[in-house]
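> Pasting in a structure now, in structure tokens, and then I'll have a few things to ask.
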Amino acid sequence: MTVLSEQSTLQPETNIMPNHDLIELRNSIDAILKKIEEIVNSHNEVVQYINTIRTIMNIVNSLGNWRCSTCKFNNNGLCMGWKLSNDAVDSLRKTFGIDAVNEVEGTQRINIRKLSFIGALCPIYSSKR
């Protein structure tokens, strides 16, 4: 059995941080944890908003599907009731894809098969009956 001398057991470790460094480290960790908590809370709020928007969009899509299928302006899935400006065409295609709008006899028409939600908001809806 090896006996350690008293002198060797009383000397501090050279790689242990001084107390003030530990306090600074703890404060830094606490600040980081607080920031992470803020980010998580913000993320949770965004998720709630997204879920609310999804619910609303499901209702709007259902209403739009019904209105589009019963509208007299629906011609094979294209809305013949609206003529779109070039800006509107570009915006719809950029957001929803090239097939969001189709050209019929030189006029751009909304593809209501793809964008049925538009039917829910349409102010010129008119029933086929």
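The values are calculated or read from the model by the stated rules, or taken from the named source; none is laboratory data. None of these values were measured; they are calculated from a predicted model. Backbone-built Cβ (ideal geometry, glycine too); neighbour counts: all protein chains shown.
Here's the yes/no breakdown for (1) of a type in the set (Ser, Thr, Tyr); (2) modelled with pLDDT of 95 or more; (3) part of a helix (DSSP H, G or I); (4) on the phi > 0 side of the Ramachandran plot:
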residue	(1), (2), (3), (4)
SER62	yes, yes, yes, no
TRP66	no, yes, yes, no
SER91	yes, yes, yes, no
THR95	yes, yes, yes, no
GLU103	no, no, no, no
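> With the condition kept exactly as written, say whether any residue in the range 73-85 is part of a helix (DSSP H, G or I), of a type in the set (Phe, Trp, Tyr), out of contact with any Leu (no Cβ under 6 Å at 6 or more places or on another chain) and at pLDDT 95 or above. Give the steps one after another, and end with the answer.
The initial filter retains those residues of the range 73-85 that are part of a helix (DSSP H, G or I), namely none.
Checked the range 73-85: no residue is part of a helix (DSSP H, G or I), of a type in the set (Phe, Trp, Tyr), out of contact with any Leu (no Cβ under 6 Å at 6 or more places or on another chain) and at pLDDT 95 or above.
> Hey, among the residues in the range 60-84 that are over 12 Å from LYS128 (Cβ atoms) and of a type in the set (S, T, N, Q), which one's surrounded by the fewest Cβ atoms within 10 Å (Cβ to Cβ)?
Among them, the one singled out is ASN76.
> Another question, then. Under the condition of being in contact (Cβ under 8 Å) with a residue 12 or more places away in the chain and within 22 Å of the chain's Cα centre (by Cα), which residue from the range 79-103 is nearest to TRP66 (Cα to Cα)?
For the range 79-103, the residue satisfying everything is ALA100.
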